[in-house]
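Single-structure report; data block below.
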Amino acid sequence: MDFNDLHVAQGLDAVRDRINASLQAANDAALPVAPSRACGDQVEDDPSALPHPPEGEGEDSPYGVRVRKEDMLNHFRLIYGTDLIWDGLRRKLIRVPHVREAVGRETFKEWQDHPWRMIAEEVVFDPAETVDPRLSVNLYDGFKMEPDARGRAGCERILGHVWRLCGYRQEEFFWLLKWMALPLQKPGTKMATAVLVHGSEGTGKSLLFEGILKRIYGEYGITIGQAQLESQFTGWQSRRLFALAEEVVSRAEKAHYKGVLKHVVTGEELQINEKNMPLRSERNHVNFVFLSNSTVPLELDLGDRRYFVLHVEDVPPPEYFEALAEEIDQGGVECFYRYLLDLDLADYKPHTKPPLSDAKQRLIDSSLSPARFFVHEWRAGDLGLPYGVVAVADLWKAFLRWCENTNEFKTKQRWFCDEVARDLMRDRRDIRYPATNGEFKTTRLFVPPEQADRIGKAGWPDHAAEQARTFRFKLELKSDEGARQ
């Protein structure tokens, strides 16, 4: 008879008795005794005996980090059209799956379904703080260092160190100070020029730019090396206002990376490719300083405007750096920050051209191809040949002779012509050449840019022919002198 039949025949009490009898037959062991106070030395109301997390408001505790739904509603923002969430408490971009795992699925679901959940249209890095904070997430949060009101009085040794690095030259000294000051007075200013300091070890290059200037920038400054420059991941460029690059390009690679450096120095947009994060872009606010112990650290073009160059060889004694370090420890960096904030920049703009120092000119000369350096020497009057209109064939002969005398690399004539054409203009004319009383001959010419406005005008063929013949005569004369020697 089953329980239903038993209930109909004998009633509910009979069913209850049958169930209790079955349970006793199945488990006749004595029930365990609850632990006494002696067993655990704990009482029921002892808080330390209960397995609960530590008390305290907020998300931080000695046991880790906790994020509540209220924290997410107040500080978390979903970036529209992406799977990214901005954590305003820790100022980080995190992908949705990672947030879900961190806060728990239940808390995440409550936040996701809540009508007060916040959404931002985009993520920007805007130090000028012109974006609407209700619509955009701004990665910029201001400088953390507080300037010291003493200003110049508390950083005399630091200013003296800058003066020494600039070779005690006033023009370069004030140009560098203003270059450092402008992005601090107007955060987010992108300078059109980077600073390159090279020379002997132990001159204090890193002390100025890493130990002092980078400290002012705080989290917005970074030191990079070759690994960052070569990496496909460019997260180091995000949220940066200042970058110090030490020995980033070797002599063998300087030509290859010239284009890469040009983009990060002067480009308007940076592609931020962080590991396991979607590709995004930021406006380029990074100002660069390059430090190197190499003689030729970078390739510079003739007429370069992108680099301010200093070459430092003087190594001060240890007492010099001890005094400088003492001033830094006594608030010198904060005083230098105040000094830069107060510096008059009325005559200085982001595109102010850097001075052409001797160090920069030497670096440009070392970077030029043999053909362009030959033209540079010719223009400067160092070849003993008249600078003016010249027949292409004659300039090629002069270049070959110059290569033999200087042990420079001889290139092909067509490559030579292409290189020379970057500095001189091409022309093709019927002129009396090579003899004054000879017949007109179609001749390929190189014309200095100073005479470009005369091309095609009346008297131009005679003028061009005269200068070409003069150059040829001087070249043959020098060849005869060389043969007699």
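A short reminder: the numbers here are calculations on the coordinates, not readings from a lab. This structure is a prediction, so every number in the text was calculated from the model and none was measured. Glycine gets a Cβ as well: all are built from the backbone with ideal geometry, and neighbour counts include every protein chain shown.
Distance from the Cα centre of region 160-204 to that of region 419-455, in angstrom?
If we compute the Cα centre of each part, the gap is 44 Å.
First select every other residue whose beta carbon is under 14 angstrom from the beta carbon of R150; then total the charges, Lys and Arg +1, Asp and Glu -1.
With Lys, Arg at +1 and Asp, Glu at -1, the neighbours total -3.
Kirkwood Rh, Cα Rg: Rg to Rh for region 217-327? Don't skip to the end; give the middle numbers.
Working: Rg = 16.3 Å, Rh = 15.9 Å.
The Rg/Rh ratio comes out at 1.02.
Quick one: angle between helix 333-342 and the longest Cα principal axis of the chain, in degrees between 0 and 90, rounded to 10, please.
Taking Cα atoms only, the helix is inclined about 60 degrees.
Tell me, Kirkwood radius of region 60-120 from alpha-carbon pair distances, in Å?
Details: mean 1/r = 0.0858 Å⁻¹.
Taking every pair of different Cα atoms in region 60-120, averaging 1/r and inverting gives 11.6 Å.
Quick one: work out the % antiparallel among DSSP beta bridges in region 60-120, nearest 5. Please list the in-between numbers first.
Details: 9 of 12 bridges.
Here the share of antiparallel DSSP bridges comes out near 75 percent.
In degrees, nearest 10, range 0 to 90: what is the angle between the Cα axis of helix 460-484 and the longest Cα principal axis of the chain?
Around 80 degrees separate the two axes.
Remind me, relative contact order of the chain in percent, using alpha carbon pairs under 8 angstrom and six or more residues apart? Walk me through the numbers on the way to the answer.
Details: 629 pairs, mean separation 61.3, N = 485.
Relative contact order comes out at 13 percent.
Extent of region 151-355 along each principal axis, from alpha carbon coordinates, in Å, largest to smallest?
Per principal axis, max minus min of the Cα coordinates gives 48, 34, 33 Å.
Taking only DSSP H segments of four or more residues, each worth -39500 (n - 2.57), what value at 222 nm results for the chain once the sum is divided by all its residues, to the nearest 500 deg cm²/dmol? If you can, show how the numbers build up before the last one.
Values: 19 runs with 187 residues, N = 485.
Result for the chain, helices only: -11500 deg cm²/dmol.
For the pairs K214/K349; K190/K214; K410/K441; K186/K214; K144/K262, note any where the Cα-Cα span goes beyond 19 Å. It would help to have the intermediate numbers written out before the result.
Values: K214/K349 21 Å; K190/K214 16 Å; K410/K441 28 Å; K186/K214 16 Å; K144/K262 30 Å.
From K214/K349; K190/K214; K410/K441; K186/K214; K144/K262, over 19 Å: K214/K349; K410/K441; K144/K262.
Regarding the chain, what are the three Cα extents along the principal axes, ordered largest first, in Å?
Here the Cα extents, ordered largest to smallest, are 146, 64, 44 Å.
So for each of 88-96, 109-117 I average, over its residues, the number of other beta carbons within 10 Å; can you give me the resulting order with the highest mean first? List each step's numbers first, then the result.
Values: 88-96: 14.4, 109-117: 12.6.
Packing proxy ranking, top to bottom: 88-96, 109-117.
Around F440, with a cut-off of 12 angstrom between Cβ atoms, what is the net charge of the other residues, counting Lys and Arg +1 and Asp and Glu -1?
Numbers: positive: R429, R432, K441; negative: D430, E439, D462.
Within the 12 Å Cβ shell, the charges total 0.
What does DSSP give for the chain in terms of the percent of beta bridges that are antiparallel, rounded to the nearest 5?
Working: 23 of 48 bridges.
Bridges in the chain are about 50 percent antiparallel.
Restricted to Cα positions, what overall size does region 294-379 have along the principal axes? Three whole-Å values, descending.
54, 37, 17
Looking at region 139-178, what % of the alpha carbon pairs are farther apart than 11 Å? Mind showing how you got there, number by number?
Details: 547 of 780 pairs.
Result: 70 percent of Cα pairs exceed 11 Å.
For the chain, take the longest principal axis of its alpha carbons; what is the angle in degrees between that and the long axis of helix 392-406, to the nearest 10 within 0 to 90?
70 degrees
In what sequence, highest mean first, do 206-217, 442-453 appear when ranked by Cβ atoms within 10 angstrom? List each step's numbers first, then the result.
On the way: 206-217: 19.7, 442-453: 15.2.
Descending mean neighbour count gives 206-217, 442-453.
How do 350-357, 365-372 rank on mean C-beta neighbours within 10 Å, highest first? List each step's numbers first, then the result.
Values: 350-357: 15.2, 365-372: 18.0.
My ranking of the peptides, most packed first, is 365-372, 350-357.
What percentages make up the Cα-Cα pair-distance distribution of region 130-265 when the bins are 5 Å wide from 0?
2, 7, 15, 21, 20, 17, 10, 5, 3, 1, 0
Translational diffusion coefficient, Stokes-Einstein: compute it for region 368-484 using the Kirkwood radius over C-alpha pairs as Rh, at 25 °C and 0.890 mPa s, and state it as an integer in µm² s⁻¹. Spell out each step's value before the answer.
On the way: Rh = 14.6 Å.
This corresponds to a translational diffusion coefficient of 168 µm²/s.
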